[in-house]
Every structure is written in C-alpha cells, then in structure tokens.
Amino acid sequence: MQQLFNFCAGPATLPVAVLQRAQQEMLDWQGTGISVMEISHRSQEYQALANKAESDLRQLLAISDDYAVLFLHGGASLQFSNIPMTLLSAASKNDRRSARYLVNGVWSKKASEEAARYAAIEVTQVRKTNADGHYYLDDDIADSVKSQQSSLIYTHFTPNETIEGMRFNSVPQTSSPLIADMSSCILSEVIEVDQYDLIYAGAQKNIGPAGLCIVIVKREFFEKMTFTHVPKILNYQLQDQHKSMLNTPPTYAWYLASLVFEWLLEQGGVAAMQQLAIERAEHLYRLIDEDDFYGNSIAMDNRSRMNIPFSLPDESLNETFLKQAKQHKLLGLKGHRSVGGMRASLYNAMPMQGAECLVDFMRWFKQTYG
Ligand SMILES: *Cc1c(COP(=O)(O)O)cnc(C)c1O
C-alpha cells in the first residue's frame, strides 16, 4: 500500500510523528488526566510548554534576546494589517511616515494594500518578465530618491510568494528597517535574524495549525511603534511583557507548534531542512524541465523550494491529472485559481519520498497522456 502525501499549500501537511504524538497525548496530556486543549494557559504545565516552544524556536533560528518571540492570533493577515496600523497610521508618532512595499505576488500585494490605507507608501513592483517570458525578481532595490527624502520607516517584503512560487535568493539591501512575511518559508532555510526588524509567519504552512502566527520582533523597534489607538491585544510590546498571554492564546495550535519544533530539532534543525528542501525541489524541477510536457514560468534563480506551480500541455488534462493523482494518493495539487494549472507545496513536513512518489506519478502521467 502506497502512503498518502498531501501537497496542499496551506493548511498543509504536518509531520506524521507529530500527529501520532498528539493523538497519543490527546486524552491525557502529561499525566494531567485531561487534554492540552482543556487546561488553563496559566497552569504550570502549560507555561512550561509555552516556554519550551519559545526556547526551541530561539534555538532553531538562533534568535538573540534583542528580539521578542510572540505567539499570536489571527494569522499572517492580522499581522500585515497591524504593522502599518502601529507604524504608519495618522495617530502614530512618525510624522513623515512612509514605507516601501516590494510586491512580487498576491500576498505582498495584499500587505501593501493594507498599508496604503494609512499612508502614501511606495510600492515597488519587483516581479519582472525576462526575454524568454519567465518571471524573475529584480532585487536591486537601491533606495530611490523619494524614499531617501521621506525617510522610510520600514521596507516590507515576502521572501517566498506562496501562490506564484517565487523566492528571493538574497535579502534585499535597504537602509530602512526590514520586515518580512515568512509565512511559507520560515524554518526551511537558514536566516540571519539580525538582518530583520520584524519577521512574521502564519503557522499553517511550516509550523502547525492555522490561526497561530509567530512574530519575531526586535525590541528596539517598539520605539518606532504607537499603540494608543490599537486594541491592547495588538500591542506587540505589551504582548512581549505578557509572554503572548494578554488573553487566551490559541493553546492547541501553540502546543502543536511546540511538537513541530521538537521534531525539527530531532531532524537536525533548519540546516537539515534547507538541504532537504533543495533536494526535494530539485527532484521535481528536473522532471518539469525534462521536456515541454510540464511547464513552470519562473526564472531558475527565483524558483521557490516550497511551492512549485506547474502546468500541463493542455488545460483539458487538468481534471484527469487531479483525479489520477488522487487515485495514487497524492492530494492537494490543484493550483491557485489566480495562476491555474497545478501546484505542489513541499514544506518541511514533506518527506523526500513524497517528492519521489509525485515525480514517479508525473512521469507515468506524461507517458500515458502525452
Ligand atoms: C498563507 C499566507 C498568508 C496568509 O495567512 P493567513 O494566516 O491566512 O492570514 C500571508 N502571507 C503568505 C506569504 C502566505 O503564504
């Protein structure tokens, strides 16, 4: 019997070992006689879990004490809304307020639209088309005259665009504080946290269940923020002081994230995940590039390792492809409606074997229907 693999872009596949452990602990968590969902977040047991999750994440990404690590509600969307609200809104103390948004796809565009509600932001379209029709990222974003004049409060970018399957292969150089939406790539590659002032990531791709969002923020950056006009639970500094427990946090999602962090450490940490991500993605791209049957329109340098969109030679084959894939126990391959075609998401929890099964299936499909 072949194992089932889920390539959904999010909510996404979780490590089987983590799910099994959650199952074992479901009815009696750590000898409490109840599940982790039913215990007070202020209990000693839960506090220990919360602290462990934070310290494991700090270890995984080598996060220094200059940064707060927050476990918040509301997904990535609430964070890309809260960021301009606390840094750019009229009520904030930043007089000549502006920010720069690098736009390379759906999520970075949405983030920029939220910010545009508060200030005249600079939007830099970094997704370009090269001579052979492939998309690439123009990461030469040297500060423009305009941005020098308005003294940017921050630059926001999305290192991995989940829907388009595009990745920055270097960190954009800017003199302003840098904010990154790492929802679909966090923990899949080694980063230097010091290069950023704020990193946020919705959990449902590489971390755990939806609803939880991790925020890693430089404590010095609080000084640029104004919180008087936002709800208390959106106050990063207060959340830091209260260890993300101003109100009841998403306890089950936090618990599952803690299991994922433990699992990641057992696997060899982020460096091991990065290696695996490279191999997994290369395996699939190699097949796509073999001939004209499958297509991918992203320039080599900017191809995502996490989300791989691909097309079939004829759209009328799409339905058959998905049906056959399902029969082969390969799920979640339908592309985003805005891009069409197929998309395989290969997050940390996807074993190499999953990518191999997908490639074997795609080769069979090509031979059968090509
Ligand atoms: C999924 C995703 C989001 C949205 O996350 P929500 O938790 O649904 O708000 C934002 N940015 C990126 C890059 C994503 O992949």
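The values are calculated or read from the model by the stated rules, or taken from the named source; none is laboratory data. Computed from a predicted structure; not experimentally measured. So basically every Cβ, Gly included, is an ideal-geometry build from the backbone, and we count neighbours across all protein chains shown.
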Inset, instruction - Determine whether the stretch 41-55 contains at least one residue that is part of a loop (DSSP other than H, G, I, E, B), of a type in the set (A, V, I, L, M) and surrounded by fewer than 16 Cβ atoms within 10 Å (Cβ to Cβ). - result: no
Legend entry - Single match in GLU114, GLU122 (criterion: surrounded by 17 or more Cβ atoms within 10 Å (Cβ to Cβ), under 30 Å from ALA299 (Cβ atoms) and more than 16 Å from the ligand (Cβ to nearest atom)): GLU122
Inset, instruction - Spot the failing condition for ASP194; the list is (1) more than 15 Å from the ligand (Cβ to nearest atom); (2) touching a strand residue (DSSP E or B) at 6+ places or on another chain (Cβ under 8 Å), and only one is missed. - result: (2)
Legend entry - Total residues in the stretch 1-21, condition at pLDDT 95 or above and over 23 Å from the mean Cα position of the chain (by Cα): 3
Inset, instruction - Report yes if some residue within the stretch 207-220 is over 13 Å from the mean Cα position of the chain (by Cα), of a type in the set (Lys, Arg) and closer than 30 Å to ARG303 by Cα; otherwise report no. - result: yes
Inset, instruction - State all residues of the stretch 56-92 that are in contact with a strand residue (DSSP E or B) (Cβ under 9 Å, 6 or more places away or on another chain) and either more than 16 Å from the ligand (Cβ to nearest atom) or among the hydroxyl-bearing types (Ser, Thr, Tyr) (or both); if no residue qualifies, say none. - result: LEU57, ARG58, LEU61, ILE63, ASP66, TYR67, ALA68, VAL69, SER77, LEU87, LEU88
Legend entry - Failed criterion for LEU102 (all others in (1) under 17 Å from CYS213 (Cβ atoms); (2) within 16 Å of the ligand (Cβ to nearest atom) hold): (1)
Inset, instruction - Go through SER35, SER92, SER43 for me and flag whichever is at pLDDT below 95, more than 19 Å from the chain's Cα centre (by Cα) and either farther than 19 Å from HIS242 by Cβ or not aromatic (Phe, Trp, Tyr) (or both). - result: SER92
